[in-house]
There are 2 protein chains.
Amino acid sequence: MIRIGVDIGGTNVGMGLVEDGEIVAKCSERFSRAGGVEGCCDRIRAQAGELLAGNGRTFDEVEWIGAAVPGSVNREKGIVIDAYNLDFHDAPLRERLAERFGRYDIDVLNDADAAANAELHSGAMKGMRTAAFITLGTGVGFSLIIDGRIFEGGMGNGTEGGHMILRSNGYRCSCGARGCAETLCSAPALMIKARRVIKAHPDSALWRNRRKLNAKALFEFAKNGDELALRILDEYTDALSDYVASLMNLLDPEAVCIGGGISAAGEILFEPLRRKAYGKCFFRNHGKVIQAHYLNDAGIIGAASGVAKGR
Amino acid sequence: MIRIGVDIGGTNVGMGLVEDGEIVAKCSERFSRAGGVEGCCDRIRAQAGELLAGNGRTFDEVEWIGAAVPGSVNREKGIVIDAYNLDFHDAPLRERLAERFGRYDIDVLNDADAAANAELHSGAMKGMRTAAFITLGTGVGFSLIIDGRIFEGGMGNGTEGGHMILRSNGYRCSCGARGCAETLCSAPALMIKARRVIKAHPDSALWRNRRKLNAKALFEFAKNGDELALRILDEYTDALSDYVASLMNLLDPEAVCIGGGISAAGEILFEPLRRKAYGKCFFRNHGKVIQAHYLNDAGIIGAASGVAKGR
């Protein structure tokens with residue numbers, strides 16, 4: 001038996017065939033906003049058919065289909081409430097996918113919850129009862145683990161820790177509020193900060209490399225001791241550690257686990273982050289800040305690995 | 001049968017005899033920091049004896065003793081981890097009380113958790129499964145309700161939502177960090193803000209009344225339409241709504257329930273707070289901001305009403 005994990009993103013729809021928690025085949029197609037929910041579901045059905053056929057498998061062998069979405073989801077009802085990057089609002093995604101696949105047992109969940117699922121089942125949070133999971137990428141995803149399961153919110157909206165407000169009257173967030181964690185800790189937020197600093201230093205190596213500069217390159221400069229890159233990173237971890245320490249004080253978790261593209265930076269990020277977050281933490285005997293195990297595939301593996309459908 | 005609820009505060013030790021969830025008798029004595037944990041426990045034992053005798057009751061009739069403390073508590077172990085206002089650190093309060101009372105089934109819990117307990121059993125949060133509870137007083141207390149019970153943290157420290165960081169490099173908090181919710185939303189924080197504003201307006205009614213001005217008086221001025229008082233309140237609810245909206249986004253609770261002395265202000269506080277918090281909330285179908293039912297007696301009633309000792 002095989003499982004299909006789908007990770008619907010603002011630019012691509014990733015999909016994988018998962019067996020024993022490992023991806024055995026995967027593919028990625030462009031996501032078209034114009035096609036809406038119907039077009040997206042048509043695409044997913046076709047993509048699944050091709051992926052299975054290409055690997056000599058059939059739909060009869062599929063025991064589980066899970067689809068992860070960047071937005072608020074009512075998992076029980078299989079409805080996407082608001083996914084701004086996809087322009088899905090109150091979209092009955094499970095029902096639409098059910099029509100295509102001829103089965104109703106399709107798991108629709110938030111993408112950070114999916115990634116947390118993967119970490120919980122076979123990654124960095126394995127065996128944990130209470131943990132907060134953050135993904136740092138285009139946005140700031142969040143998932144909360146209580147009693148060893150993903151907590152799905154009290155009103156059926158899920159949890160959106162990326163929209164904790166860390167700065168009154170800060171930058172405007174995509175959600176409409178100001179100063180959310182997402183406006184300070186996402187990859188775009190880091191690069192906005194970087195460009196602002198670099199602009200004032202036209203004699204720097206970062207300035208000379210500014211056209212091809214992205215988050216990954218910035219961390220490379222920092223690793224090589226570039227002082228300006230280290231200064232930008234210092235400001236970034238100031239804000240990120242406010243967010244992490246807030247979660248530690250609020251929930252007293254065993255761990256705050258950090259995934260997403262930015263987390264790939266490794267110790268150049270985690271060393272100052274731990275030092276600052278632990279320094280701001282209320283408790284003496286607090287949990288740890290840890291790096292996620294899975295990176296880009298977490299959404300696919302997590303969507304496919306659904307079992308505990310939360311509370 | 002009767003229950004004893006004890007509310008140990010930085011200035012007073014309140015105590016009540018509780019029957020069917022109602023206080024039938026209560027008393028209050030000064031708390032002496034100098035006496036330490038031993039002195040405090042001696043005092044509590046003597047106070048309980050007097051209170052019972054004064055009401056014609058005996059220790060044989062006492063079915064429950066609960067003691068609430070302003071600080072982090074490991075409820076399972078009955079240990080006060082850090083209560084800065086009492087100067088209790090790693091204090092085995094249950095054991096010390098057990099020696100005085102000759103029984104070991106004494107509940108030691110955080111004071112905000114105790115107050116939340118009261119609201120959960122017979123107050124504003126009755127019947128709720130997921131809720132956040134805030135007390136606005138000398139400090140900012142916090143309690144988290146998950147699955148209809150008080151969530152006691154993942155590492156046995158409890159939850160300290162009052163130390164969510166809302167302002168990077170804000171005012172220094174008693175916990176050592178900067179910009180915690182407590183530095184913005186407590187009664188002292190409100191009065192610091194008020195004095196700063198009033199100072200610049202020596203022609204105002206608030207200036208003329210500055211010597212006897214406290215939070216309660218300030219809200220009275222606002223209710224009577226005093227523009228300066230309304231401006232101070234407006235700044236205060238800006239910060240408080242950041243905190244409340246953050247909790248709503250993070251936990252998707254059925255309610256954020258607000259108690260403590262400040263909550264007695266009523267609609268002059270709650271109307272702008274709701275408007276701002278709902279405006280900043282990520283979810284369209286979100287929970288409510290509600291006023292706590294109990295005020296000063298919440299700690300005593302809640303400490304006495306322990307049954308569900310949480311997870």
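The values are calculated or read from the model by the stated rules, or taken from the named source; none is laboratory data. Just so it is clear, the structure is predicted and the values come from calculations on it, not from any experiment. Positions of Cβ are generated from backbone atoms using ideal geometry, with glycine treated the same way; all protein chains shown enter the neighbour counts.
Look through A:Tyr243, A:Tyr294 and report the one residue that is touching a residue at least 12 places away in the same chain (Cβ under 8 Å), surrounded by 24 or more Cβ atoms within 10 Å (Cβ to Cβ) and hydroxyl-bearing (Ser, Thr, Tyr).
A:Tyr243
In the stretch B:152-183, how many are crowded, with 24+ Cβ neighbours inside 10 Å and in contact (Cβ under 8 Å) with a residue 60 or more places away in the chain?
8
Looking at the stretch A:187-283, what helices (runs of 4 or more DSSP H) fall wholly within it and have at least 3 residues that are under 19 Å from the mean Cα position of the chain (by Cα) and under 20 Å from B:Met164 (Cα atoms)?
Per the criteria, A:227-251.
Residues are listed down the side, and each one gets a yes or a no for (1) more than 14 Å from chain B (Cβ to nearest Cβ); (2) within 30 Å of B:Val80 (Cβ to Cβ); (3) at pLDDT below 95:
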{"residue": "A:Gly266", "(1), (2), (3)": "yes, no, no"}
{"residue": "A:Pro272", "(1), (2), (3)": "yes, no, no"}
{"residue": "A:Cys281", "(1), (2), (3)": "no, yes, no"}
{"residue": "A:Ala308", "(1), (2), (3)": "yes, no, yes"}
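Any residue in the stretch A:143-161 that is farther than 21 Å from B:Ile146 by Cα and either under 20 Å from the mean Cα position of the chain (by Cα) or at the interface with chain B (Cβ under 9 Å from one of its Cβ atoms) (or both)?
no
Would you point out the residue of the stretch A:130-139, among those that are in contact with a helix residue (DSSP H, G or I) (Cβ under 6 Å, 6 or more places away or on another chain) and at pLDDT 95 or above, that is nearest to the other protein chains (Cβ to nearest Cβ)?
Filtering the stretch A:130-139 for residues that are in contact with a helix residue (DSSP H, G or I) (Cβ under 6 Å, 6 or more places away or on another chain) and at pLDDT 95 or above, the one nearest to the other protein chains (Cβ to nearest Cβ) comes out as A:Ala132.
Any idea which of (1) assigned to a loop (DSSP other than H, G, I, E, B); (2) away from chain A (no Cβ under 14 Å) is the one B:Gly127 doesn't satisfy?
The failed condition is (2).
Among the residues of the stretch A:229-251, count how many are of a type in the set (A, V, I, L, M) and at the interface with chain B (Cβ under 10 Å from one of its Cβ atoms).
Result for the stretch A:229-251: 7.
If I ask for residues that are assigned to a loop (DSSP other than H, G, I, E, B), under 18 Å from B:Asp242 (Cα atoms) and more than 7 Å from chain A (Cβ to nearest Cβ), which ones from the stretch B:168-182 would you list?
B:Asn169, B:Gly170, B:Tyr171, B:Cys173, B:Gly179, B:Ala181
Residues to consider are B:Met15, B:Met1; find the one that is more than 22 Å from the chain's Cα centre (by Cα) and either modelled with pLDDT under 95 or crowded, with 21+ Cβ neighbours inside 10 Å (or both).
Selected residue: B:Met1, the only one of B:Met15, B:Met1 that is more than 22 Å from the chain's Cα centre (by Cα) and either modelled with pLDDT under 95 or crowded, with 21+ Cβ neighbours inside 10 Å (or both).
If we keep just the residues of the stretch A:1-37 that are among the hydrophobic types (A, V, I, L, M, F, W, C) and in a loop (DSSP other than H, G, I, E, B), which is farthest from A:Asn296 (Cα to Cα)?
A:Met1
Just the residues that are among the small types (Gly, Ala, Ser) and touching a Ser or Thr at 6+ places or on another chain (Cβ under 9 Å), please, taken from the stretch A:230-270.
The answer is A:Ala239, A:Ser246, A:Ala255, A:Gly259, A:Gly260, A:Gly261, A:Ser263.
In the list B:Ala304, B:Ala277, which residue meets the criterion of being crowded, with 20+ Cβ neighbours inside 10 Å and touching a Lys or Arg at 6+ places or on another chain (Cβ under 6 Å)?
Answer to the check: B:Ala304.
Evaluate the following for A:Glu38: is it out of contact with any strand residue (DSSP E or B) (no Cβ under 6 Å at 6 or more places or on another chain), closer than 15 Å to A:Asp87 by Cβ and at pLDDT 95 or above?
yes
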